[in-house]
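Every read-out reported here was derived from the displayed coordinates using simple, explicitly stated rules and does not represent laboratory data. The model shown is predicted, which means the values in this text are computed figures rather than measured ones. So basically every Cβ, Gly included, is an ideal-geometry build from the backbone, and we count neighbours across all protein chains shown.
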Amino acid sequence: MAHATFRLVGGADQNRTPALNEAAISDCQLIRYVPDRQGMTLAQKLGGWTRVLQGRFNGLCRALWAWDDTNSQSWLAVGFDDSTADGLVIVDANTTPFTQTTITPRQTVSDQIVNVSTTLGSATATISDTGSDVSTFDAVNIQTQISVGGLILFGMYSVTRVDANTYTIEARDKLGFPQLATATVANGGAVAVFDFTPSQSIVEVTLADHGLAVGDTFPILIAQEVGNLTLYGNYIVYSVTSTSVFEIVASSQANGTAITGASGTGLDATVTFNAPFAINFSDSMTISGMNPVGYDDTGLTAGSFTPTSLTYNSTEVGAFVSGGTLFIDTSPMNGDTARYVYERQFGPNIPGTGYGVGGYGTGGYGLGIPGSGALPGTAITATDWTLDNWGEYLISVPVGGGIYQWNPTQNFPTASITVNAPVVNDGAFVAMPQRQIVAWGSTFNGISDPLLIRWCDVNNFDSWIGLHTNQAGSYRLPKGSRIVGALQGQQFGFIWTDISLWLMQYNGYPLIYGFNEVGTGCGLIGRKAAGTLGGTVYWMSPTQFYKWTGSGAEVIPCPVWDIVFQDIDHDNADKIRFAANSRFNEIAWYYPTTSSGGEVARYVKYNTVLGTWDFGALARTAWLNESVLGAPIGASTDTYLFQHETSNDADGQPLSSWFQTGYFVMSDGEWKMFVDQVWPDMKWGQTGDAQDATVLLTFYVTDYPGDTARTYGPYTLQQATQYVTPRFRGRLVSIKIESSDVGSFWRIGAMRYRLSADGKF
């Protein structure tokens, strides 16, 4: 009988049909390829993993970042989605075992009647907010424009504590310079008031000293539910009537709602509507078509935001009958209250200080230094985070939030807001070597612009307004619907929209950055579907894999395209994670499928040196390549954190690794073949380990590719196994190699088999 050698063709291929994929892998799980000296590839079991922390987290990790501080201490930052209160966690890698601390930024929200005082010629505004209880380290984001003393207070401000109910801020103009009050006001100020006309979309806005011109943008950050209208977002100023009045255009016309019933005694009237109608306590309204007349009102005495009935003081005494129409004439912003969002930025933990030391105005308490109890405020939540370093500072950005900082050597219990940075961003990275934070999906006014890029001054993350004296600035991409993701490459910043790739090149003063569209039809599928390995940038688009070659976006041919792009869950594409493993020249993408319930479930992996692909089922919701903490770290859907390439097992449990080939034939299928011996050629363990792996070998034999194959095996292979005797006949044969024992490692070489022709088919 003749002998032949079976040697795998490098890489998996799912695009080919089973018979066309002869001697190549058609299906696999947790394998990788390594080179041999002939330039071929050898398939082996994937490296295993062990827990970084014994305990589980309280939610799904979406971001990982490791760095060293100036004392050569190592840290790991972990960002979570909004299913958990952990938010942002720091893992101290300098303790044994590792310890973790929540540093999630905290906020409190206050809606208060406007009570602000100013002094003529001063930029200082004093705000009274009962129970605000701010500290030296706090900041306040005023989300409702406040007009007082010729000033417009809006945006993020550092605060200076006066007492438990009062603090001061410094008013600023659009360029960030102090803005001086034009009048002295004691305990005054007002928010914007909206006036409506039935069956019209033009809305009149009253805001003293608004300083707006036609074409300017007026942001509304608090959804203003007014009758059938919702005002929210950026509005272009349509006309300017006076220094106190301007007009905007709503997306629909203002209309009333039908009254279906009425009752009351004396001057107290109650009306009911055919549907919930948004009404604020401070709204003014008109009721028409009633009998008797006289039900116009200038301030409700009862009701809620979306009532189906309300009680108010009528101006007419008489019997109340059904019928009529209710219309909102005037509605102050946020129910005639100011919205204050406080960023609680607690001072460092210092021995002997805290809430139990002295009164609030003295000692540690007055400095905003927390004690051992729970921190005040509510931890912020986010669907995702971007993390980076500014020196030893951790820079963290929750999607849709501000830019936070945390320094491990300063011992602050929470991350702190960067006051002068944009208050809303989709993400950020630190551009090097010039050291600038680059934020995208950013803002000037509190509403995210999905195509806006902003960056701070060189070496100064507190300076964000572009002036001739600094290198801060901004640029809005002219194409696409949103910036999906961005990162710092070796020479350029890479910015992906949904349709294209842009390069962001540092030029220095005065242009600062140049932006060039260098690829079209190659946009990013999800915000973290791009990354780097060995200086090359790789990414996944909605339809292809790409790499940046230095001259353009180059498609990476993908023989497993079918199994990835025909099954990926595009509705949850922002959960896709790029994962580099520099030890093995591998990059992977972990992605959700159409059947995985919206969560990451599978991976596809590419060896950048060998050009081979493989795939399988494994969920990693975040990934960190080899770092100051050693081997790669991945986060799992079962809320554990694992370090990879540390064992041959799955955290002490068997790691099931396998592959199955396509069909191979003898004499191009003209003859059936008979195989009676197969000689394994394997490595049975890693160098220095026990050579005791147990591998199972199974044969699938058929005469036609579409028929159900006959199964022979599995046959147990170990180092002492000389051969197995399957004794099968057929025209097409596929083999499967698998293992599921603890501690084993294997690599397949050139497997030989004994065969003979068994008659023409």
Would you grab the residues whose amide H sits under 5 Å from the one on Asp329? Only those 5+ places off in sequence or on another chain, please, with H modelled 1.01 Å from N. Ser284, Met285, Thr286
Mean separation of Cα contacts under 8 Å, 6 or more apart, over the residue count of the stretch 370-487: relative contact order %: 16 percent
3J(HN,Hα) from dihedral phi, the stretch 147-153, Karplus parametrisation 6.51/-1.76/1.60, rounded to Hz, x for glycine, proline: 9, 7, x, x, 9, 10, 9
What full-extension length gain, to one decimal in nm, is calculated for His3 and Asp689 as 0.36 nm per residue of separation minus the Cα-Cα distance? 243.7 nm
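Expressed as a rounded percentage, what relative contact order does the stretch 107-345 have, with Cα pairs under 8 Å and six or more residues apart?
That works out to 23 percent.
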Do the sum for the chain: with -39,500 (n - 2.57) for every DSSP H run of n ≥ 4, divided by all residues, what is the mean residue ellipticity at 222 nm, to the nearest 500 deg cm²/dmol? 0 deg cm²/dmol
Gain in span if fully extended, Ser288 to Gln566, counting 0.36 nm per residue against the direct Cα distance: 94.2 nm
FRET efficiency, 1/(1 + (r/R0)^6) with R0 60 Å, evaluated for Val341 and Val34 via beta carbons: 0.65
Hey, how many Å between the Cα centroid of the stretch 423-438 and the Cα centroid of the stretch 732-755? 49 Å
Rounding to the nearest 20 debye, state how big the charge dipole of the chain is about its Cα centre with +1 on each Lys and Arg Cβ and -1 on each Asp and Glu Cβ. 2640 debye
Distance between the C-alpha centers of the stretch 455-482 and the stretch 162-222? Whole Å please. 25 Å
Just in the stretch 687-761: which trypsin sites (Lys or Arg not before Pro) are loop by DSSP and have at most 14 other Cβ atoms within 10 Å? Arg727
Leu42's amide H: which non-local residues (gap 5+, or another chain) put their own amide H closer than 5 Å, with H modeled 1.01 Å from N in plane and none for Pro or chain starts? Val34, Asp36
Could you state the number of Å between the C-alpha centres of the stretch 84-108 and the stretch 522-543? 29 Å
Rounded to the nearest 0.05, what FRET efficiency is calculated for Glu517 and Gln200 with R0 set to 35 Å and r the Cβ-Cβ distance? 0.25
